[in-house]
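Following: one structure in structure tokens, then a few remarks.
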Amino acid sequence: MAYDRDVIAVNASEDTNPKQSGLRFSLTNTFGQDARITDLEITPENSAIDQLRDHSYGEGAWVSELFIAADVQNGVTDINNGISLPGSIDLDWDGHDESASNNAILSSGSSATVSFYQSKSNGSPIDMVGERVDITIDYTLGDGGSGSRTFTLLL
């Protein structure tokens, strides 16, 4: 699993927040088989960034804490009341239904776009420009193998 080094801070139009409090980046499946993203761990370098919490009850890009647009299956996790950071997101549980499976699935060689929304400090949106965030992605391969990949987002 490769990070495409294309992270940007985003000011999503879905709310009135004027800050670039969202993150978007791409991953490429470098394995010769399907890869399922099962968990993500988010660790901001700046300890003032203490929460990831969206602003709505909808599900999707910029209205969920995590949305992964992938070619085989999109991954989405919408967590009631968000998560404290640093923290982990289990894509097998979407915050509403424990039986839901919202793992992102990427075919061999394909890319996926990962969107996080909304980074906060003490309950208020925080501008992510200039921030550094470590991401660990856990994955399972089509043949049953598994692993993880850690990389740093420099905004």
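Taken together, the values in this text are just the output of simple stated rules run on the coordinates, not laboratory data. Nothing here was measured: the structure is a model prediction, and the numbers come from that model. Counting neighbours? That spans all protein chains shown, and the Cβs are built from the backbone with ideal geometry, glycine included.
Computing FRET efficiency as 1/(1 + (r/R0)^6) for SER84 and SER13, where r is the C-beta to C-beta distance and R0 is 25 Å, gives about 0.40.
Hand me the GluC sites (Glu not before Pro) from region 12-98 located in a DSSP loop with no more than 10 other Cβ atoms within 10 Å, in residue order please. The partial results should precede the final answer.
Numbers: sites: GLU14, GLU41, GLU45, GLU59, GLU65, GLU98; in loops: GLU14, GLU45, GLU59, GLU65, GLU98.
When the GluC sites (Glu not before Pro) of region 12-98 are filtered for loop state and at most 10 Cβ neighbours within 10 Å, GLU98 remain.
Could you size up the charge dipole of region 1-117 around its Cα centre, putting +1 on the beta carbon of Lys and Arg and -1 on that of Asp and Glu, and report it in debye to the nearest 20? The partial results should precede the final answer.
Numbers: 5 positive and 19 negative charges, 83 e Å.
With only Lys, Arg, Asp and Glu charged at Cβ, the dipole is about 400 debye.
Net charge near ILE126: determine it from the other residues with C-beta under 10 Å of the C-beta of ILE126, scoring Lys and Arg +1 and Asp and Glu -1. Present the calculation step by step, with values, prior to reporting the outcome.
Numbers: positive: LYS19, LYS120; negative: ASP50, ASP127, GLU131.
Surrounding charge for ILE126 is -1.
Considering all different alpha carbon pairs of region 1-56, the Kirkwood hydrodynamic radius works out to 14.0 Å.
Quick check: the distance between the Cα centres of region 34-69 and region 136-155, to the nearest angstrom? Value for the Cα centre distance between the two parts: 15 Å.
Altogether, the Stokes-Einstein calculation at 25 °C and 0.890 mPa s, with the Kirkwood radius of region 2-154 over Cα pairs as Rh, returns a diffusion coefficient of 160 µm²/s. The region of the chain that goes longest without hitting one of the chymotrypsin sites (Phe, Trp or Tyr not before Pro) in a DSSP loop, each with at most 15 other Cβ atoms within 10 Å, is 94-155.
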